[in-house]
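Let me begin by presenting the structure, written as structure tokens, before commenting on it.
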Amino acid sequence: MSGKGLNGTPLTRDFANGGVSFWYRQIGLPARRDALPGARDYDVAIVGGGYTGMWTAYYLKKSQPDLRIAILEKEFAGFGASGRNGGWLSAEFAGSRERHARARGRQAMIDLQHAMFTSVDEVIEVTKAEGIDADIHKGGLIHVATNAAQNRRLHQELAELRTWGFAEEDMRLLTKEEQESRISVAGALSATYSPHCARIQPAKLAVGLARVVEGLGVDIFEGTTVSEIRPRGADGRATAVTDRGTVTAEYVIRATEGFTAGIRGQHRQWLPMNSSMIVTEPLGEEVWERIGWGGFELLGDEAHAYCYAQRTADGRIAIGGRGVPYRFGSRTDVRGATQPQTVAALHKILTTLFPATAGAKIQHSWCGVLGVPRDWCSTVHVDHRTGLGWAGGYVGSGVTTTNLAGRTLRDLVLRRETELTGLPWVGRQVRQWEPEPLRWIGVQMIYALFRAADRHENAQMGRTSAYARVANLISGR
Ligand SMILES: Cc1cc2nc3c(=O)[nH]c(=O)nc-3n(C[C@H](O)[C@H](O)[C@H](O)COP(=O)(O)OP(=O)(O)OC[C@H]3O[C@@H](n4cnc5c(N)ncnc54)[C@H](O)[C@@H]3O)c2cc1C
């Protein structure tokens with residue numbers, strides 16, 4: 001990346017270093033808040049200032065304004081995946097529907113899916129009500145198949161979704177003409193459309209949420225790293241140990257997603273999986289005329305190492321995919337810097353799907369971490385005995401799920417039995433990941449197999465490649 005900002009201004013050190021994400025390059029990094037000034041006591045202490053932490057603080061404070069709530073954040077609110085994602089505010093939920101249904105029955109999983117549909121609108125309504133302008137546009141979601149195996153999978157998935165509460169109006173096949181008139185994707189064989197998805201500018205949502213929760217009276221301490229979380233002791237208080245002092249609270253909620261392995265005793269909890277993105281320069285009218293995309297739908301493909309894309313409010317394409325999936329020992333990235341080979345791979349996907357972008361410059365690249373539980377299913381939980389709670393393991397579908405998590409954590413902390421606390425992702429216990437080097441070897445194998453499967457399927461195979469079936473078996477998805 002060049003050493004110049006979008007309008008020719010020199011980049012700050014953060015951006016010159018690869019930096020955090022394009023979304024912050026657009027709006028500037030927020031001014032830092034103060035660190036924790038020393039030992040404190042709160043009703044609720046939330047570890048992590050991403051969407052999960054901030055939605056939880058928001059709904060708790062809205063329900064009970066006298067609650068004393070602190071967010072403890074090691075960098076700045078919105079530093080993690082919440083400020084770096086692809087901006088799909090979608091109703092997709094991580095994890096196997098069958099697994100959730102086994103725990104609480106099929107209807108409970110269908111209820112969870114409907115809760116995801118309404119969560120998309122909830123985020124849109126709250127942002128409107130709170131004056132958060134996050135470039136939100138609810139144009140829906142298009143999944144496109146670009147080879148015969150993907151085409152077959154897309155049809156199978158649609159048939160499967162019909163049995164899980166997806167009516168025709170929730171997802172349907174597009175005719176060739178409809179698909180072409182929405183987005184012209186080279187080599188598209190078929191496509192589905194779901195209205196339950198909106199485009200967002202992720203950092204605008206994160207920065208806006210931080211402003212709103214702070215305005216409600218939540219203390220956000222930045223530059224404050226939590227090293228350990230302890231259950232209630234004899235004094236009945238749970239504890240978050242930080243480098244700036246110890247915070248005691250009635251409840252300590254962990255909302256650290258892909259960074260969770262950095263907290264003592266959590267090393268094998270959620271695997272930090274990497275995802276990378278690139279963004280083009282603003283594209284000219286002639287390019288948009290060839291591509292279309294006037295409805296600002298979100299776009300994904302059906303590859304095993306799938307991609308996700310959006311048309312930004314200022315006329316660029318932002319597109320992401322897996323890149324280097326995992327670093328040995330659950331290490332996370334260095335402030336969002338991504339590797340040249342990942343940028344090249346994403347550029348190839350971009351220009352293959354949209355040949356009209358061949359001449360467009362790539363203006364920024366970055367990566368971030370998502371949290372992957374051993375069974376790939378998100379969970380939310382509060383233990384009233386220990387005073388500890390958490391939400392996460394969203395894999396690649398956390399933008400909307402964090403909102404559902406925030407409202408569910410509110411109900412759990414306030415000991416309310418609601419429709420939300422009866423959903424099947426509440427209170428699930430998931431086994432830990434294997435120790436190293438098994439973890440590293442396993443993830444390398446899974447993604448090598450997925451890439452091999454995609455290559456095979458691109459070479460005209462009509463069925464899902466056996467490589468992908470083996471990868472799914474190893475991954476435990
Ligand atoms: C590149 C990328 C693209 C994605 N695209 C999409 C998408 O389009 N749609 C979608 O639904 N999902 C997407 N996701 C996933 C989604 O962004 C996340 O699931 C969601 O943002 C998780 O929010 P969170 O608050 O739980 O975690 P984060 O946003 O990661 O927040 C965790 C916070 O905890 C802080 N923290 C960590 N450790 C400590 C500690 N020890 N002490 C104090 N603070 C700590 C971190 O600094 C961070 O701010 C994407 C993720 C990535 C990385």
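The values are calculated or read from the model by the stated rules, or taken from the named source; none is laboratory data. As the structure is a computational prediction, the values presented were derived from the model and not from experiment. Quick reminder, even Gly has a Cβ in these numbers, built from the backbone with ideal geometry, and neighbours come from all protein chains shown. Side chains included, ligands, DNA and RNA excluded: accessible areas come from the protein's heavy atoms. Shrake-Rupley method; radii C 1.70, N 1.55, O 1.52, S 1.80 Å.
A few remarks follow.
- Share of carbon and sulfur in the accessible heavy-atom surface of the chain [1.4 Å probe, %]: 52 percent
- With protein chains left intact and a 1.4 Å probe, residues in the chain average 39 Å² of accessible area per residue.
- Charge-dipole axis of the chain as Lys and Arg at +1 and Asp and Glu at -1 on Cβ define it, positive-most pick from THR351, TYR326, HIS364: TYR326
- Stretch in the chain that is longest and holds no GluC sites (Glu not before Pro) that DSSP places in a loop and that have at most 15 other beta carbons within 10 Å: 170-416
- Calculated [222 nm] ellipticity per residue, helices only, for the chain: -10000 deg cm²/dmol; basis is -39500 (n - 2.57) per DSSP H run with n ≥ 4, divided by all residues, nearest 500.
- Between VAL20 and GLY336, ALA337, the built amide H atoms are under 5 Å apart, and every one of these is 5 or more places off in sequence or on another chain.
- Fully extending the segment from GLU228 to ALA448 would add 75.7 nm, taking 0.36 nm per residue of separation and subtracting the current Cα-Cα distance.
- Start at zero, step by 5 Å, and the Cα-Cα distances of segment 436-477 spread as 6, 26, 29, 20, 11, 5, 3, 1 percent across the bins.
- Each Lys and Arg contributes +1 and each Asp and Glu -1, all at the Cβ; summed about the Cα centre of segment 436-477, the dipole is approximately 80 debye.
- Amide H contacts under 5 Å for ALA35: GLU222, restricted to partners 5 or more places along the chain or on a different chain, H placed in the peptide plane at 1.01 Å from N.
- Around THR351: net Lys/Arg minus Asp/Glu count, Cβ-Cβ under 15 Å: +2
- Averaging Cα coordinates gives a centre for segment 96-156 and one for segment 201-275; these two points are 27 Å apart.
- Mean projection of the Cα convex hull over all viewing directions, computed for the chain: 21.1 nm².
- Beta bridges by DSSP in the chain, antiparallel share as percent, to the nearest 5: 70 percent
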